[in-house]
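The values are calculated or read from the model by the stated rules, or taken from the named source; none is laboratory data. What you see is a predicted model, and the numbers here were worked out from it, not measured in a lab. Note: ideal-geometry Cβ built from the backbone for every residue, glycine included; neighbour counts use all protein chains shown.
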Amino acid sequence: MKDIEKIREQFPITKSKVFLNHAAMSPLPKPVAETVRKCVDEFSNLGTTSIEWNNGGKPFFAKLVRAEPQEIALVENTSTGLNIAANVLCYPPGSKIVTTDLEYPSVVYPWLRKSLGVKVHYVKNIDGKILLKDIEKAVDDKTVAVAVSHVEYVNGFRHNLQALSEIAHEHGAYLIVDAIQSAGAMQIDVKRDNVDFLTTACYKWLLSPPGAGYLYVKKELIEEFEPPFVGWASVKQEIFETIDFWDIWSLRLSETASRFEVGSPSFISLIGTTEALKIFLDIGIENVERKILKLTDYLIKTIKNLGLKLQTPEEQQCRSGIVNLKIDRPQEMVEKLSHKGIIVSARAHGLRISPHFYNTEGEIDKLADAIKKG
Ligand SMILES: Cc1ncc(COP(=O)(O)O)c(C=O)c1O
């Protein structure tokens, strides 16, 4: 990536820390922090009248995942998006959801509620990988949806969404994707991969404040579903653009994905997110992905040179921004590293390391050195 020093100037965190924890919560880039600060000042000095929040960045997010802006709803976080998807579907007796044993709780919990009466089938990982043949075996005509994280939070295993949607659709099931560990790090193409629902918050790889997120619902499906929650934001655009007195006698749901929105969004966060999305569209997500994979290649090579064991599958097609290495007492190591200004997480009896495009091989060397010294 050209001009890395110039890019790093936009990330004040680089002056004080080696931050390799983007799979948790990311520090804000300078332009994002400045935009949010300006918005808060305007809010305080002038009220909200002059604040433009441009649809909460929906067109920018749509571009990032190759969707149409009308297919994007604002949500507060990934868990809300997943719950919306879980609650619009119907579950005839004997219904089943297929997921994996590597999932984050929010991907599974919505279907564990007894009232839904759904069986959750967990496809087991083999050496950190979920094999397509095991998903194929698990999905049948009773399956209502396949629900997975595009990139698994523990070890960074990346699913092939196109293959998953083919399997799901062959049985009339939907593909529901949690993209919080891939959006802003890996390329996403909801059309090519024929994804039905995809949702993410933006506070990890998308370098944004918490409280902002998106739910993509495939165009052809939007009007099939009645939202589980409704409010003023769920109705047709022209109603709240022209209204001076609300129609409370009928519910005219929007024909776009905003029917899944309920009320006032966190516009301060969304203003920051819009600025962050511009960074990704400007640099190009394919360049961001390339740089992250180059850094994680280097990280894997470095870890192996130290004689440590990886918990992340190495094949290029299932790699991502997350690398997990097995060590004893990972929490202790996280704290020791943190005292040296190196930030990573402890997950699954190992260290989870997650560099972004502005990190450098030199920072990975610093991490390796600190691990070696213990
Ligand atoms: C895969 C995955 N899904 C969901 C979440 C949490 O999402 P949110 O806070 O946006 O609901 C996390 C957070 O670590 C995660 O790793």
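The set of residues from segment 131-151 being under 16 Å from Ala179 (Cβ atoms) and free of Cβ contacts under 8 Å to residues at least 60 places away in the same chain comprises Val146, Val148, Ser149, His150.
For segment 110-131, the criterion of being under 15 Å from the mean Cα position of the chain (by Cα) and at negative phi is met by no residue. Quick test of your reading of the structure: Asp247 fulfils all but one of (1) within 16 Å of the ligand (Cβ to nearest atom); (2) farther than 22 Å from Asn83 by Cα. Name the failing condition by number. Evaluating Asp247 over (1) within 16 Å of the ligand (Cβ to nearest atom); (2) farther than 22 Å from Asn83 by Cα leaves (1) as the failure.
To keep it simple, each residue is scored yes or no on (1) of a type in the set (S, T, N, Q); (2) crowded, with 24+ Cβ neighbours inside 10 Å; (3) within 11 Å of the ligand (Cβ to nearest atom).
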{"site": "Glu170", "(1), (2), (3)": "no, no, no"}
{"site": "Ile176", "(1), (2), (3)": "no, yes, no"}
{"site": "Gln187", "(1), (2), (3)": "yes, no, no"}
{"site": "Arg192", "(1), (2), (3)": "no, no, no"}
{"site": "Leu207", "(1), (2), (3)": "no, yes, no"}
{"site": "Ala212", "(1), (2), (3)": "no, yes, yes"}
{"site": "Lys219", "(1), (2), (3)": "no, no, no"}
{"site": "Glu223", "(1), (2), (3)": "no, no, no"}
{"site": "Pro228", "(1), (2), (3)": "no, no, no"}
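Residue selection: Val88 fails the criterion of being in the same structural domain as Glu275 (by TED's automatic domain parsing) and over 30 Å from Val235 (Cβ atoms). The condition (being of a type in the set (D, E, K, R), modelled with pLDDT of 95 or more and within 16 Å of the ligand (Cβ to nearest atom)) is satisfied by just one residue among Asp140, Asp101: Asp101. Taking helices (runs of 4 or more DSSP H) as the structural unit, those lying wholly within segment 1-92 and holding at least 2 residues that are among the β-branched types (Val, Ile, Thr) correspond to 4-9, 30-46, 78-88.
Annotation: Asp134 fulfils all but one of (1) part of a helix (DSSP H, G or I); (2) in contact with a helix residue (DSSP H, G or I) (Cβ under 8 Å, 6 or more places away or on another chain); the unmet one is (2). Suppose the filter is more than 16 Å from the ligand (Cβ to nearest atom), touching a Phe, Trp or Tyr at 6+ places or on another chain (Cβ under 8 Å), modelled with pLDDT under 95 and within 30 Å of Ala368 (Cα to Cα); does Ile13 pass it? Considered against the rule, which asks whether it is more than 16 Å from the ligand (Cβ to nearest atom), touching a Phe, Trp or Tyr at 6+ places or on another chain (Cβ under 8 Å), modelled with pLDDT under 95 and within 30 Å of Ala368 (Cα to Cα), Ile13 comes out as no. If the condition is being closer than 15 Å to Ile72 by Cβ and touching a Pro at 6+ places or on another chain (Cβ under 6 Å), then segment 235-271 contributes Arg259, Phe260.
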